Each structure stands twice: as structure tokens, then as C-alpha cells.
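The values are calculated or read from the model by the stated rules, or taken from the named source; none is laboratory data. Because the structure is predicted, anything quoted here is derived from the model rather than measured. Heads up, the Cβs are rebuilt from the backbone with ideal geometry, glycines too, and the neighbour counts pull from every protein chain shown. For accessibility, only protein heavy atoms count, side chains too; no ligands or nucleic acids. Shrake-Rupley method; radii C 1.70, N 1.55, O 1.52, S 1.80 Å.
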Amino acid sequence: MLPSTTSHAESADLARPADVSFWQAFLFWLKLGFISFGGPAGQISIMHQELVENRRWISERRFLHALNYCMVLPGPEAQQLATYIGWLMHRTRGGIAAGALFVLPSLFLLIALSWIYIAFGNMPVIAGLFYGIKPAVTAIVVQATHRIGSRALKNNWLWAIAAASFVAIFALNVPFPLIVLVAALIGYVGGRIRPAKFAVGGGGHGGARQSFGPALIDDDTPTPAHALFRWSRLLQIILIGTLLWVAPMALLMTVYGWNHTLTQMGWFFTKAALLTFGGAYAVLPYVYQGAVTHYGWLTPTQMIDGLALGETTPGPLIMVVAFVGFVGGYVKAVFGPDMLFMAGAVAAIIVTWFTFLFSFLFIFMGGPLVETTHNDLKFTAPLTAITAAVVGVILNLALFFGYHVLWPQGFAGGFDWISALIALAAAIALFRFKVNVIHVIAGSALTGLIVRFTIA
């Protein structure tokens, strides 16, 4: 993000922006849903530029205060930040509109792309595109490991947590939830014993402030009435949230039974929604353990392909779960052999509902506490340890992808040196030349297409 050239003197002369109606905000959130590429960093950058710098709907201090809260929560922080700002501006309906429109374009795109993939994936063109994309995805996950690790591993204690996390999931096959729990406990205890060693968490967004002019929600703007904490309001949200989870789960159990694919998807992705500390890359190993190894909803290769599709669509990367749901519902033919697309689409919608429901509830429950107190959060030490553990988990994911891409028939088969060259080229583009992820995937897909047709 380029620094603003607006001086403090100039910004002081700017007029306060006019009030923004709900429908004006609705159109912006809709636009954001279609342009939110680049993962959480890119999405947060877009929102900062649009909401803080250009439109001045919220001041930078209030923006960062909200972001720091969202960084602590499980779930996609960029989507939750949009929900938070929408809620702050236009009450609950504003938060629902902002958060839902951040997700819906991606959901519809992924349903369409998943259908094309599963129905026509054996066509030479589709197969060639994915042959090139898979090595690029491996390089992207390696870059994510480096990016998160360089930010999170600031001392030997955190390096040790990351190493232990890697060994636990790679060698001992420890479930991801247990790794998160143990890391949080280590962080809690370590924060008391060696607070300086665990003081690097909390999002890291509390740097220098910059004025872009008076904002609608400025530093000194009083907290609106709907954002003040009230016990009655908190209990109401908990009750409504419980009903929104229980009702569809009870319906699935009544109609299909507990062991049915759709019911198990609802339960599994409820657990996944509560474990997405550190972003989508952190929870993907857990999704793999469940969706591929335990339930068999899709194959390891399809999991890699799904991540590739998630990287190429707007919205949070965790939307890859919609692909998992679609493929699982389609392959399992949950509505019979004549309704495969409907089965996949319904499964994708169910998975998305149970994944994102808690993202909204966390904002509506915790937002008033944050706005009322304006105090720093006290969860940074456990979060710091969890983030360190996530680095080890993502490294395991990179090795998993690399193995299936470079040895597609296993170690007994041959080494795919063409895929290795594509992965190396993608890594150089990402690390050395800072090429956009979308461009890397597009170039790799074209390379894969050329290679497949050349060999054929």
C-alpha cells in the first residue's frame, strides 16, 4: 500500500464525509465481494484504501482496533473485519450484509467451477490446466509458510513450538485441534513466566497512525447506542446463534440421520470453524485429515485442485471448503445418481453455512465489548503460541502437497521433473520477483496446458 500524500494540515481542511445510507454501503460491500483477491493481506489492504483513505467511513485508529480484535478470533479475519465495520455503521443488518456479500460471490463461483472440474476434469484441456496449477499451489503454500514464519517466529521459544508442532502432525499424526489447544496452553503459561517472549502477537497492526482527514466514525466519535455492551443483547445473540446452528443440524439429523454425509459435513465444519486460528492455511491440514483420510469425501489430488480453485476466486481462502462440500456431495451422490449437481450445490451451501455462522456470531457478541472498553486485548500470548504452531502445521501441508505433485504414483513411481520445474519457476516468481498469486497460477496453468498437448 502506498503511503498517503495528504498532510495533517491538508487533512484538517477536509470536510467530514456525508452520511452513508445502508444501500450505499450495500453496493460497496457487493463490489468488495467481487474484487477481494489476494488473500487476507490483499483484502485488508483493499478495505483500508477504500474505507480509511478514499471514502473515510472510519478512521485508521478505529479500523486497526477492529482488525486487532478480528485477528484474535478463529475465522477469516478480512471477512470478519468487513462484518465488524458494516455492523458498526448500520447495526446488525449492516454486519450481515457486509459479511455475507464478502462470501456469496465466491460461493457461487466455486459451485460453478467445482461442477466444471468434477464433471469435465478428465478432458485434456482441464487436465492440462490443473497439471500446471498443482506445482504452483505447492510453491504458494511454501511462500505462506515463509511469510507467516518470518512474522511469527521472533525467538527460540516460538521456533521450538513451531518445530514441535511440525513433528506432532508429520511424524505422530496428532489431530490439529489438540495441537492448537496445547499451543494455547503453552502460550498462556509462557506469557506469565516469560512475557517478553510471547509479546509479539496480537496482529502486529499497532504501528504509526496517519490522518487521512475527518472520518464518519472518527477517533473521538462516540460509540453508537447499538454498539454499547448490554447483557440482554449478548444473551439474545447467543440464543439466536444457537437456534441458527441447532435448527439446520436437527433438520439434517431428522431427515437423513446422524451418519449421513450431509449431517457429518455440518458437524465436521462446525469444528473446523472454531479452529481457523492463523487463517485458512492453518486449518487445511485438519480439513484434509477429516475430508480425505477419515470421511473419504475427496482424494488428495482433488484437495490440491480445490486449493488452486480457492486461490483463483475472490473472497476468503477458507472458501475452499465449498469445493470440498461440492465434491463430497457429488461423489457420494447424496440425492441419487440423477441429481449430482444438486447434491454438490446443497452440500457446498451447507458447508459454507456451518463454516461462517460463527464468524458473524463472534463479531456480534464481542464487538460491543471491544467498542465499549477500547482496551487492548489480553489474548496475545496464547495467540502468539498458536500462530507459531501454525507455521509447523503449514510446513507439513507444503510437504504433503509436494509429495503428491512430484511423486504422483508414490515414491515407487517416477519423479515428475516437469512439475518440479514448474514449482521452482513459481517459487522464484513469488519469492524473488513478488509476482501476484493470480498471475503465477495463470502462467503455470498455461505452461501445464502446453506441456500436456506437447507430450500428447
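Some points to look at:
- Rolling a 1.4 Å probe over the heavy atoms of the protein chains gives the range 232-386 an accessible area of 38 Å² per residue.
- Annotation: lysines with alpha-carbon distance below 30 angstrom to K31 (same-chain offsets under eight excluded): K134, K434.
- Candidates G413, H48, P214 compared by Cα position along the dipole of the chain: farthest toward the positive end lies G413, with charges placed on Cβ.
- Evaluated at q = 0.08, 0.13 Å⁻¹: base-10 log I(q)/I(0), Debye formula over Cα of the chain: -0.48, -1.28
- For the chain, with +1 on Lys and Arg beta carbons and -1 on Asp and Glu, the positive-most of A119, V292, V167 along the dipole: V167
- Among the helices of the chain, those built from whole DSSP H runs whose Cα atoms reach 24 Å or more along their own axis and whose mean Kyte-Doolittle hydropathy is at least -0.5 are 77-120, 124-152, 176-193, 231-256, 340-373, 380-406, 437-455.
- For the peptides 138-147, 443-452, 231-240, the ranking by packing is 138-147, 443-452, 231-240, with the highest mean count of neighbouring Cβ atoms within 10 Å listed first.
- Spin-label model, N54/I35: points 7 Å from Cα along the beta carbon direction are separated by 0.4 nm.
- Among 170-177, 355-362, sorting by the average number of other beta carbon atoms lying within 10 angstrom of each residue, highest first, gives 355-362, 170-177.
- Label-to-label distance for M339 and Y403 is 3.9 nm, based on points extended 7 Å past Cα in the beta-carbon direction.
- Accessible solvent surface per residue of the range 32-120, calculated while the other protein chains remain in place, 1.4 angstrom probe, Å²: 31 Å²
- Of the peptides 44-53, 119-128, 79-88, the ranking by mean beta-carbon count within 10 Å, highest at the top, reads 79-88, 44-53, 119-128.
- Between L239 and L369, full extension at 0.36 nm per residue minus the direct alpha carbon distance yields a gain of 45.0 nm.
- Per-atom-type breakdown for the range 291-402 gives carbon and sulfur 68% of the accessible area (1.4 Å probe, protein chains only).
- Rel. contact order, % - alpha carbon contacts under 8 angstrom, at least six apart, the chain: 31 percent
- Mean projected area (nm²) of the alpha-carbon convex hull when the range 221-356 is viewed from all directions: 10.5 nm²
- Placing dummy labels 7 Å off each Cα toward the beta-carbon, the span from A247 to W23 is 2.7 nm.
- Estimated purely from DSSP H runs of n ≥ 4, each contributing -39500 (n - 2.57), the mean residue ellipticity at 222 nm for the chain is -23500 deg cm²/dmol once divided by its residues.
- Compared with the direct C-alpha span, the chain from H226 to Y256 gains 6.8 nm at full extension, assuming 0.36 nm per residue.
- Electrostatic dipole magnitude of the chain [Cβ: Lys, Arg +1; Asp, Glu -1; Cα centre; debye, to 20]: 620 debye
- Potential extension, W417-H294 segment - 0.36 nm per residue separation minus Cα distance: 41.2 nm
- Separation between Cα centres of the range 107-136 and the range 420-448, rounded to whole Å: 18 Å
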